[in-house]
Amino acid sequence: TGGGSSGPPVTVSVTPNSGSGASGTFAFAFSDPNGATDIVSTQLVINASLGTAGSCYFYYSRAGNAIYLATDAGAWQGYLRVGTAGTMQNSQCVVNAGASSVTASGNSLTLNLALSFTSAFAGAKNVYMEVQNATLDSGWAQRGAWTVTAPLSADYSLGMTPSSQSVGAGGSTTYTVTVTGSNGFSGTVN
């Protein structure tokens, strides 16, 4: 006999499968006994519970190499091709398609998504995964947990040397002022 499916595809893991932060690249791994090219699509939900509304909810189409992000209401808002410059966002998260990638080898497919979370989405979340081939579905499974922390605000600090000087009447002096950026600050300070 031949040509039949030897079993459903499975959700393998998410890496990291636990931790915290306001952003990161998450590797979602899937497997299909008929080979990675047998996988049609995957779905991912990051939220406190399995639900599409108010979630960081994704759909990946392997044939089109397209990543979809749902709106706050859970409806698809369009797609970007994985590996092509562009971002999509809702009130929970932002996906950077250009910094994301996908690899398929043997029975395994790994979708690497570069994600940033909004401060409004802060708190303990679970990572749910699902995968489908042409005829079978893995069903949903929780594969990780992530605590979303509020993103740090870009900021700067000022320094001055020397910290003080004595100057006689009618004299002058020179100070050096330094600006040190933190959390991605790259603006101009006047």
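Tell me yes or no: at least one residue of region 73-90 is surrounded by fewer than 13 Cβ atoms within 10 Å (Cβ to Cβ), in contact (Cβ under 8 Å) with a residue 60 or more places away in the chain and out of contact with any helix residue (DSSP H, G or I) (no Cβ under 9 Å at 6 or more places or on another chain).
Looking through region 73-90, none of the residues is surrounded by fewer than 13 Cβ atoms within 10 Å (Cβ to Cβ), in contact (Cβ under 8 Å) with a residue 60 or more places away in the chain and out of contact with any helix residue (DSSP H, G or I) (no Cβ under 9 Å at 6 or more places or on another chain).
With the requirement that a residue be under 16 Å from residue 24 (Cβ atoms) and surrounded by fewer than 18 Cβ atoms within 10 Å (Cβ to Cβ), what does region 124-136 give you?
124, 126
Can you name every one of the strands (runs of 3 or more DSSP E) wholly within region 1-77 that holds 1 or more residues which are of a type in the set (A, V, I, L, M)?
Filter on region 1-77 gives 10-15, 23-31, 39-47, 66-70.
Can you tell me which residues in region 78-89 are in a loop (DSSP other than H, G, I, E, B) and not small (Gly, Ala, Ser)?
Result: 82, 84.
Kindly establish whether residue 41 is surrounded by 16 or more Cβ atoms within 10 Å (Cβ to Cβ) and of a type in the set (S, T, N, Q).
Against the criterion (surrounded by 16 or more Cβ atoms within 10 Å (Cβ to Cβ) and of a type in the set (S, T, N, Q)), residue 41 qualifies.
Look at residue 171 and say whether it is of a type outside the set (Phe, Trp, Tyr) and either in contact (Cβ under 8 Å) with a residue 60 or more places away in the chain or touching a Lys or Arg at 6+ places or on another chain (Cβ under 6 Å) (or both).
no
What's the total number of residues in region 137-180 that are at pLDDT below 80, open to solvent by less than 70 Å² (accessible area, probe 1.4 Å) and either aromatic (Phe, Trp, Tyr) or touching a Gly at 6+ places or on another chain (Cβ under 8 Å) (or both)?
Within region 137-180, residues that are at pLDDT below 80, open to solvent by less than 70 Å² (accessible area, probe 1.4 Å) and either aromatic (Phe, Trp, Tyr) or touching a Gly at 6+ places or on another chain (Cβ under 8 Å) (or both) number 1.
With respect to the numbered conditions (1) in contact with a strand residue (DSSP E or B) (Cβ under 8 Å, 6 or more places away or on another chain); (2) at pLDDT below 95, which one is the sole condition not fulfilled by residue 92?
Among (1) in contact with a strand residue (DSSP E or B) (Cβ under 8 Å, 6 or more places away or on another chain); (2) at pLDDT below 95, the lone unmet condition for residue 92 is (2).
Would you check which residues across region 44-60 are buried (at least 20 other Cβ atoms within 10 Å of the Cβ), of a type outside the set (S, T, N, Q) and touching an Asp or Glu at 6+ places or on another chain (Cβ under 9 Å) and list them?
Those that are buried (at least 20 other Cβ atoms within 10 Å of the Cβ), of a type outside the set (S, T, N, Q) and touching an Asp or Glu at 6+ places or on another chain (Cβ under 9 Å): 44, 45.
Of (1) modelled with pLDDT of 95 or more; (2) surrounded by 14 or more Cβ atoms within 10 Å (Cβ to Cβ); (3) under 16 Å from the mean Cα position of the chain (by Cα), residue 19 satisfies all except one. Which?
Unmet condition: (2).
The values are calculated or read from the model by the stated rules, or taken from the named source; none is laboratory data. This is a predicted model, so every value here is computed, not measured. Using ideal geometry, Cβ is built from the backbone for each residue, glycine included, and neighbour counts are taken over all protein chains shown. What goes into the accessible areas is simple: the full protein's heavy atoms, side chains included, and nothing from ligands, DNA or RNA. Shrake-Rupley method; radii C 1.70, N 1.55, O 1.52, S 1.80 Å.
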